[in-house]
Amino acid sequence: MAKVEVTVNQDIKVAKPSDNVDPGFLLYALRALGQTVLQTCSKAGTTVQSIDTETLEALRIPLPPLAEQQRIAQKLDALLAQVDTLKARIDTIPALIKRFRSAVLSAAINGELTGEKPCCWDAVALEDLVENSLVGVVRSADEQSEQLDGRHPYLKMNNINQDWGFNTEKMVGVRATKDEMRRYELERGDWLFNTRNSVELVGKSCVWNGPQGFVFNNNILRIRFVADALPEYVEIWFRSPQGRARLNKIKSATTSVAAIYQKALMKEVLTFPAISQQREIVQRVEQLFAFSDQLEARIFVARQRIESLTQSLLAKAFRGELVPQDPNDEPASVLLERIRAQRAAAPKPKRGRKVAVN
């Protein structure tokens, strides 16, 4: 096996292959053995993961003839460059999907999705659409538990997604009386608005369509609308670029905390179509968002496949399946004998710590 000098630093080990080992081939060999290196060469009993040099020197790698090493390295250079290009291209797609959703929301409140001009719509203050509103129940950290047994899930501002919808991840549970449940239990169709958060996140909102039994905390304002106002349309309006711009104007911010006060929010004026038009807008937005969700799921699968492609190519290379073998190449056994002879004749280093990788 080729001699590889390893210069040891506190955080870096520099491998210097001999003339009989192609540096690119050695790099790809170590990448192919990446998990093996971490599992077998990590120092035990340390808080920070590090590679033990003496274990690393005993690591065995396949060594074909030098000419084949060079062919493998050149082929991997070309193929992995293509993989990197694929990664770069696919990484741009989530931003495009986000722009698409934003454009859909803007078109929805401009009348472009249905072809009806907003000049035919009413201008209505939010407070005129509200049947009732309520700030959530206060529970201290000591009153919250990760155990939900006998407790009610406690929806907080982190459960309202930044882009769209809500999540029920990392839920905590709280106890609530019957009177509190009558007052604070969420119902389908409730519009939830995050009134206090960081400057970037305050003003998040969602329409609740989850299960029963949830209560919400005091950083969330719950609004229930009159019969001719769809909460989904209100959500579309405030999530649109135009709605976000309006919310930015009524933010009250300090260094670390921002708020949108209920009084200011209620004064915001929406372009408001008839209930039939609201239903059509909501339906079309949901259809287009469902399409973007499907595309996002496909992108996720494609990214996983691309991530596995690198290791697949490396594995194929070191099984001897990536490039054709040439019978005219110097046999690997001859190469190894020459390496051993060079190692035996080489003088021992006088300074610095250098080890050989076999």
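Worth a mention:
Listed here are the residues, each with its yes/no results for (1) aromatic (Phe, Trp, Tyr); (2) open to solvent by 80 Å² or more (accessible area, probe 1.4 Å); (3) assigned to a helix (DSSP H, G or I); (4) modelled with pLDDT under 60.
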| residue | (1), (2), (3), (4) |
| --- | --- |
| 298 | no, yes, yes, no |
| 308 | no, no, yes, no |
| 320 | no, no, no, no |
| 327 | no, yes, no, no |
| 340 | no, yes, yes, no |
| 350 | no, yes, no, yes |
| 358 | no, no, no, yes |
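- Residue check, residue 143 open to solvent by 30 Å² or more (accessible area, probe 1.4 Å), out of contact with any Leu (no Cβ under 6 Å at 6 or more places or on another chain) and of a type in the set (D, E, K, R): yes
- Candidate set: the range 238-268, residues that are assigned to a strand (DSSP E or B) and in contact with a strand residue (DSSP E or B) (Cβ under 6 Å, 6 or more places away or on another chain); chosen: the one least open to solvent (accessible area, probe 1.4 Å): 259
- Of the residues 108, 141, 78, 123, the single one that is within 23 Å of residue 190 (Cβ to Cβ) and more than 19 Å from the chain's Cα centre (by Cα) is 108.
- Residue 145 passes every criterion in (1) under 30 Å from residue 228 (Cβ atoms); (2) in contact (Cβ under 8 Å) with a residue 12 or more places away in the chain apart from (1).
- Which listed residue is of a type outside the set (Ser, Thr, Tyr) and either free of Cβ contacts under 8 Å to residues at least 12 places away in the same chain or within 23 Å of residue 271 (Cβ to Cβ) (or both), from 136, 111: 111
- For the range 148-164, the candidate set comprises residues that are in contact (Cβ under 8 Å) with a residue 40 or more places away in the chain and outside any loop (DSSP other than H, G, I, E, B); within that set, the residue that is nearest to the chain's Cα centre (by Cα) is 160.
The values are calculated or read from the model by the stated rules, or taken from the named source; none is laboratory data. The model shown is predicted, which means the values in this text are computed figures rather than measured ones. Because the Cβ atoms are built from the backbone with ideal geometry, glycine has one as well, and the counts that use them run over all protein chains shown. Areas reflect the complete protein model, heavy atoms only, side chains present, ligands, DNA and RNA absent. Shrake-Rupley method; radii C 1.70, N 1.55, O 1.52, S 1.80 Å.
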